[in-house]
Ligand SMILES: *Cc1c(COP(=O)(O)O)cnc(C)c1O
């Protein structure tokens, strides 16, 4: 028997979430961001469900090859552009659109021998200070690109640092607008947070939005808003079972470092899930978890292959449990209760993005819906 842990990917939920994004910005086209192996879901697993997107955005060239092999004929955008000159050959061969964010990438294009001019997205650094040309350098970068026979249509792009928070997007939007207003071409500005939170702003809705995390059922601005507030459904469930139950007396401790001490007689369940499965080791006592669909809490320290949970709420609710009981680490229990990945992430001091991306290779994955 394999260990009872597995992940379930809800393809109906992926379709639903894509629909939610499309509803928020009905006039824009949607890049479904499938980088990092579709945020840990597996590109092959999400592909059918995300076929309704207008394009796929990613940054690993091998992932671009995989989606072409799966039969995707629509646009693919390399959101970090090329890394070395020969990547441009692959762009030609696979028809990839690519971001140009630095002079070195323009140099590579200028030296590239091609029959087919390439579609590029010129990226502005409007304040994030990761990738892109500064606003005052943007126009000269555009002029240089525009003069190259290797370049076909030029579009414009920037990325927001604070679309999910109080600082917002206005300062970056202003920088972008000023430097691009009379340049001809399509625009792409918004990630999930900007798409959901700032959809009232006409500039946010322009041409192409780039939606990642919302597709995968996590609120980009949790805890201010939850996935339910945005009408999103969980796309990944991490599910396992109890493999033991221990009865504790007051003063008994649990696990490495004896981090949890029972104050009263209580039952704890031992779950086949640990940090080697991708569960965050920093999740401490109190992290939410579902047993038989009943919400309870983790107690003690997460170990490599196991973690321990408080069974008191199940006894209080009169729900029988024991060896083999279903445990939902995040996602949807089989009886329907949802534990948002964002709540688990918050308890571990991280974000839903990191948990889904960290799903361990040893976890077997099946798709449903
Ligand atoms: C990852 C990424 C996105 C998607 O961001 P979400 O917050 O997951 O929606 C959009 N644009 C760029 C440039 C990215 O790197």
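Filter the helices (runs of 4 or more DSSP H) completely within the range 33-145 down to those with at least 2 residues that are modelled with pLDDT of 95 or more and within 13 Å of the ligand (Cβ to nearest atom).
35-39
Taking the criterion of being more than 16 Å from the ligand (Cβ to nearest atom), touching a residue at least 60 places away in the same chain (Cβ under 8 Å) and not assigned by TED's automatic domain parsing to the domain that holds residue 33, would at least one residue in the range 252-275 satisfy it?
Within the range 252-275 (the criterion being more than 16 Å from the ligand (Cβ to nearest atom), touching a residue at least 60 places away in the same chain (Cβ under 8 Å) and not assigned by TED's automatic domain parsing to the domain that holds residue 33), the answer is yes, since at least one residue qualifies.
What's the number of the only condition in (1) more than 19 Å from residue 331 (Cβ to Cβ); (2) in contact with a helix residue (DSSP H, G or I) (Cβ under 8 Å, 6 or more places away or on another chain); (3) touching a residue at least 40 places away in the same chain (Cβ under 8 Å) that residue 55 fails to meet?
(2)
All but one of (1) within 13 Å of the ligand (Cβ to nearest atom); (2) farther than 19 Å from residue 355 by Cα; (3) assigned to a loop (DSSP other than H, G, I, E, B) hold for residue 229; state the number of the condition that does not hold.
Tallying (1) within 13 Å of the ligand (Cβ to nearest atom); (2) farther than 19 Å from residue 355 by Cα; (3) assigned to a loop (DSSP other than H, G, I, E, B), residue 229 fails exactly one: (1).
So, of the residues in the range 189-212 that are farther than 20 Å from residue 16 by Cα and surrounded by 22 or more Cβ atoms within 10 Å (Cβ to Cβ), which turns out to be modelled with the highest pLDDT?
189
Okay, residues lined up against (1) touching a strand residue (DSSP E or B) at 6+ places or on another chain (Cβ under 7 Å); (2) within 30 Å of residue 155 (Cα to Cα); (3) at pLDDT below 95:
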residue: 187; (1), (2), (3): yes, yes, no
residue: 214; (1), (2), (3): no, yes, no
residue: 245; (1), (2), (3): yes, no, no
residue: 250; (1), (2), (3): no, no, no
residue: 268; (1), (2), (3): yes, no, no
residue: 276; (1), (2), (3): no, no, no
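For residue 175, indicate whether it is touching a helix residue (DSSP H, G or I) at 6+ places or on another chain (Cβ under 7 Å) and free of Cβ contacts under 8 Å to residues at least 60 places away in the same chain.
So residue 175 fits the description; yes.
I need a count of the residues in the range 187-214 that are near the ligand (Cβ under 8 Å from one of its atoms) and in a helix (DSSP H, G or I).
Within the range 187-214, residues that are near the ligand (Cβ under 8 Å from one of its atoms) and in a helix (DSSP H, G or I) number 5.
To keep it simple, each residue is scored yes or no on (1) more than 16 Å from residue 143 (Cα to Cα); (2) surrounded by fewer than 22 Cβ atoms within 10 Å (Cβ to Cβ); (3) assigned by TED's automatic domain parsing to the domain that holds residue 176.
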{"position": "52", "(1), (2), (3)": "yes, yes, yes"}
{"position": "64", "(1), (2), (3)": "yes, no, yes"}
{"position": "70", "(1), (2), (3)": "yes, yes, yes"}
{"position": "122", "(1), (2), (3)": "no, no, yes"}
{"position": "132", "(1), (2), (3)": "no, no, yes"}
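Enumerate the pairs (first residue in the range 137-165 and assigned by TED's automatic domain parsing to the domain that holds residue 81 and under 25 Å from residue 115 (Cα atoms); second residue anywhere and part of a loop (DSSP other than H, G, I, E, B) and within 16 Å of the ligand (Cβ to nearest atom)) with beta-carbon separation below 7 Å, excluding pairs fewer than 6 apart on the same chain, so at least 6 apart or on different chains.
Sorted first by the residue in the range 137-165, then by its partner, the pairs are 155/186.
Looking only at helices (runs of 4 or more DSSP H) that lie completely in the range 310-369, which have at least 1 residues being in contact with a helix residue (DSSP H, G or I) (Cβ under 7 Å, 6 or more places away or on another chain)?
Those helices (runs of 4 or more DSSP H) span 341-347, 352-357.
The values are calculated or read from the model by the stated rules, or taken from the named source; none is laboratory data. All of these numbers come straight from a predicted model, not from anything done at the bench. Using ideal geometry, Cβ is built from the backbone for each residue, glycine included, and neighbour counts are taken over all protein chains shown.
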